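The values are calculated or read from the model by the stated rules, or taken from the named source; none is laboratory data. Keep in mind that what you see is a predicted model, and the values were worked out from it rather than measured. Virtual Cβ from ideal backbone geometry, glycine too; neighbours counted across all protein chains shown. To get the accessible areas, we keep the full protein, side chains included, count just its heavy atoms, and leave off ligands, DNA and RNA. Shrake-Rupley method; radii C 1.70, N 1.55, O 1.52, S 1.80 Å.
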Amino acid sequence: MLDLDSKVWDKCSPTAPFWGFLGAANALIFANLGAAYGTAKSGIGIQIMGVSKPELVMKSVIPVVMAGVIGIYGLIIAVIIGNNVMAPEGDVPNYSSYDGYAGFAGGMTCGLSGLAAGISIGIAGDTGVRASAAQPKLFVGMVLILIFSEALGLYGLIVGLILASKKGQPCDSYL
Amino acid sequence: EEMFYGWGELLNGISPYAWAFIGTGLAIGLSVLGAAWGIFITGSSLVGAAIKAPRIRSKNLISVIFCEAVAIYGVIVAIILQTHLDGPDPKLDGAVSLKDKFAGYAIFWSGLTAGFGNLACGICVGVCGSGCALADAQDGNLFVKILVIEIFASALGIFAIIVAIIISTQANFGADE
């Protein structure tokens, strides 16, 4: 039924959607892990700091918001890659191996960068909010450090988008 | 002699129904694991803090409910995925069509997205809820402020199920209509 010796199966392998969906899934999974770590770790700092300085709590929610944005980066890439994976029509594949590997690369790029950025935001935010409660002049410094951490996730999003939008030749041209 | 030449042999060799059922099972299994982890983190802090401040008990049960919601997300995704799991097309007589392979991979990764995403979310909501209980025990005004952090944390579970549902929309086993 599937003629596995014909040329099209090398370039438009039936396993190509596996790699594409792997990229989409892992983009979200690792970005969520990073965002969860960032939210939880900096949340602990806010909670401890808030006991002695309740008026500073709402100002200190900045690292939590930034960690949430990391999760959104993963969501964006996962939706883009997931929508690029086309279902086959009958016996004709619609999604080439090139597209599959591109989606895999884009997803892993964004996801693992998001994990890294989330860990960074978590630890820097935790100590940052506690220190800026004790010394108010440190608030701007904390925000600057968090912005640099967030930029790491943004680099991953940019490169991931570039990779995920690469398209190979359509499978019809190989038939 | 059987030799595997690469990933293609391995991925093609596993039945798409295996991929799909594993994905569906992990969707709910890992989500419930995350919810459970979050509930025990929150619950242990809650009962410990309530020894000296019993007033916090009823209000802070909302943190436990946020963790439970993560498990509900997993149930929703698993139920949606299992509606895609139709039987094989009888006309093919046991062979696997291209569409079935696609559906197998899609449902597998959709389930894993929901599962691991909700695992992370559940643990995060648990840690935030634990801190909420401890802060509330020391100063009652802090409860609402720290709850804001927990709401950000539960948004991660929403992201996971959005991606899981988007990935699984095109997955169809069985006969073409």
Hey, does region A:129-141 have a residue that's among the aliphatic types (A, V, I, L, M), in contact with a Ser or Thr (Cβ under 6 Å, 6 or more places away or on another chain) and assigned to a helix (DSSP H, G or I)?
yes
Residues that are more than 12 Å from the chain's Cα centre (by Cα) and within 7 Å of another protein chain (Cβ to nearest Cβ): does region A:75-82 have at least one?
yes
I need the full set of residues from region A:133-174 which are out of contact with any Phe, Trp or Tyr (no Cβ under 8 Å at 6 or more places or on another chain), closer than 16 Å to A:C110 by Cβ and open to solvent by less than 90 Å² (accessible area, probe 1.4 Å), in order please.
A:S149, A:E150, A:A151, A:L152, A:I158, A:V159, A:G160, A:L161, A:L163, A:A164, A:S165
Here is a list: A:V69, A:V65. Which entry is facing chain B (nearest Cβ under 9 Å) and not aromatic (F, W, Y)?
A:V65
Select from region B:95-129 the residues that are modelled with pLDDT under 95 and more than 9 Å from chain A (Cβ to nearest Cβ) and list them in ascending order.
B:D100
Given the residues A:I29, A:I46, which is the only one that is over 13 Å from the mean Cα position of the chain (by Cα) and crowded, with 18+ Cβ neighbours inside 10 Å?
A:I46
Against the definition (over 23 Å from A:I76 (Cα atoms), more than 9 Å from every other protein chain (Cβ to nearest Cβ) and part of a helix (DSSP H, G or I)), how does B:L134 come out, yes or no?
no
When residues of region A:50-60 are limited to those that are open to solvent by 50 Å² or more (accessible area, probe 1.4 Å) and assigned to a helix (DSSP H, G or I), the one nearest to A:F104 (Cα to Cα)
A:K59
Tell me yes or no: at least one residue of region B:76-94 is small (G, A, S) and within 8 Å of chain A (Cβ to nearest Cβ).
no
Please pick out the residue among A:D99, A:D126 that is touching a Ser or Thr at 6+ places or on another chain (Cβ under 9 Å), of a type in the set (D, E, K, R) and crowded, with 19+ Cβ neighbours inside 10 Å.
A:D126
Can you tell me which condition A:P63 does not meet? The list is (1) in contact with a Ser or Thr (Cβ under 7 Å, 6 or more places away or on another chain); (2) open to solvent by 20 Å² or more (accessible area, probe 1.4 Å), and all the others hold.
(2)
Could you grab me the full set of residues in region A:9-18 that are more than 7 Å from every other protein chain (Cβ to nearest Cβ) and surrounded by fewer than 24 Cβ atoms within 10 Å (Cβ to Cβ)?
A:W9, A:D10, A:K11
Subset of region B:132-148 (residues that are touching a Gly at 6+ places or on another chain (Cβ under 9 Å), open to solvent by 30 Å² or more (accessible area, probe 1.4 Å) and either at pLDDT 95 or above or of a type in the set (A, V, I, L, M, F, W, C) (or both))
B:L134
Can you say whether A:F21 is assigned to a helix (DSSP H, G or I) and open to solvent by 10 Å² or more (accessible area, probe 1.4 Å), as far as the supplied structure shows?
no
Can you tell me which residue within region B:81-98, out of those that are part of a helix (DSSP H, G or I) and either in contact with a strand residue (DSSP E or B) (Cβ under 8 Å, 6 or more places away or on another chain) or free of Cβ contacts under 8 Å to residues at least 60 places away in the same chain (or both), is farthest from A:V92 (Cα to Cα)?
B:Q82
